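A.B. asks: First, the structure itself, so that you have it in front of you.
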Amino acid sequence: MKNILITQGISINKRKSLYTKLDLDWYKYASKLKFNLIPISYKINLSFFKKIKVDGIIFSGGNSLNKFEKKKQNLLRDKFETNLFKYFKKKNLPILAVCRGMQLISDLNNTKLFKTRNHVTKGHNIILNNKKIINVNSYHTFLIKKTPSQFKVLAQHKKDKSIEAMKHKKNKILCFMFHPERKSKDQTKVNKLFKEFFKI
């Protein structure tokens, strides 16, 4: 089975201790699609990736970007995932950026993010490849209306035309604003996108 790494959210508890967390839905998703999911901490050294066979990485959701919500955990995650993104992009290994991950990559490419209230906990229709309409979940409070110069649009929100999925023109980078691990009305079609990208 493929070994796919995944980043985790960072939290601070009442004792001011830092810890990482990952939605259990990701483990269920990995089991269903049959790939090895390997969670990684923001404290991990990049040399670790030379010791195991890595078939790709997922930048998971959770946390806000530090520019929108200045907190220690957000800053730590921004720095870690920025370095991680550069490393895997250089290696040209598959990168799937989900929700916050897509926002981070957009921000790194100087793309403006807009705050919204109409995309939180609401399923909606998106137009995939300019023709197919599929219904996906939505949990984000920020969206993008224009893709970075190195990316092309794969899917747009049917009504407000915000970007719901984009793909890098050269590197193996795919970005979703929706969550593949959480239930969507058209989950089978979402799974197909995921499996085709990672060649599962």
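The values are calculated or read from the model by the stated rules, or taken from the named source; none is laboratory data. As the structure is a computational prediction, the values presented were derived from the model and not from experiment. We place every Cβ from the backbone using ideal geometry, glycine too, and count neighbours over all the protein chains shown. The area values use the complete protein model at the heavy-atom level, side chains included, leaving out ligands, DNA and RNA. Shrake-Rupley method; radii C 1.70, N 1.55, O 1.52, S 1.80 Å.
A.B. asks: Return the residues of the range 148-200 that are of a type in the set (Ser, Thr, Tyr), modelled with pLDDT under 95 and open to solvent by 30 Å² or more (accessible area, probe 1.4 Å); say none if nothing qualifies.
C.D. replies: Within the range 148-200, Ser149 is the sole residue that qualifies.
A.B. asks: Only one of Phe68, Phe85, Phe114, Phe49 is within 17 Å of the chain's Cα centre (by Cα) and in contact (Cβ under 8 Å) with a residue 24 or more places away in the chain. Can you tell me which?
C.D. replies: Phe85 is the lone residue from the list that is within 17 Å of the chain's Cα centre (by Cα) and in contact (Cβ under 8 Å) with a residue 24 or more places away in the chain.
A.B. asks: Give the residue that is farthest from Asp25 (Cα to Cα), with candidates limited to residues of the range 179-200 that are assigned to a loop (DSSP other than H, G, I, E, B) and out of contact with any Asp or Glu (no Cβ under 7 Å at 6 or more places or on another chain).
C.D. replies: Lys199
A.B. asks: Residues in the range 26-46 that are open to solvent by 50 Å² or more (accessible area, probe 1.4 Å) and on the phi < 0 side of the Ramachandran plot: how many?
C.D. replies: Total satisfying the criteria: 8.
A.B. asks: Turning to a different aspect of this structure: Mind telling me which of the residues Gly9, Gly62 ends up being modelled with pLDDT under 95, of a type outside the set (Ser, Thr, Tyr) and surrounded by 14 or more Cβ atoms within 10 Å (Cβ to Cβ)?
C.D. replies: Gly62
A.B. asks: Continuing with this model, one more query. From the list Lys170, Lys131, Lys159, which one is more than 23 Å from Asp55 (Cα to Cα) and touching a residue at least 12 places away in the same chain (Cβ under 8 Å)?
C.D. replies: Step by step, each of Lys170, Lys131, Lys159 is checked, and only Lys159 is more than 23 Å from Asp55 (Cα to Cα) and touching a residue at least 12 places away in the same chain (Cβ under 8 Å).
A.B. asks: What do you reckon, is Lys145 open to solvent by 20 Å² or more (accessible area, probe 1.4 Å) and within 15 Å of the chain's Cα centre (by Cα)? Show your work before the answer.
C.D. replies: Working: open to solvent by 20 Å² or more (accessible area, probe 1.4 Å): yes; within 15 Å of the chain's Cα centre (by Cα): no.
Answer is no for this residue.
A.B. asks: So, one more: Within the range 161-180, work out how many residues are more than 26 Å from Phe88 (Cα to Cα) and in contact with a strand residue (DSSP E or B) (Cβ under 8 Å, 6 or more places away or on another chain).
C.D. replies: Total satisfying the criteria: 1.
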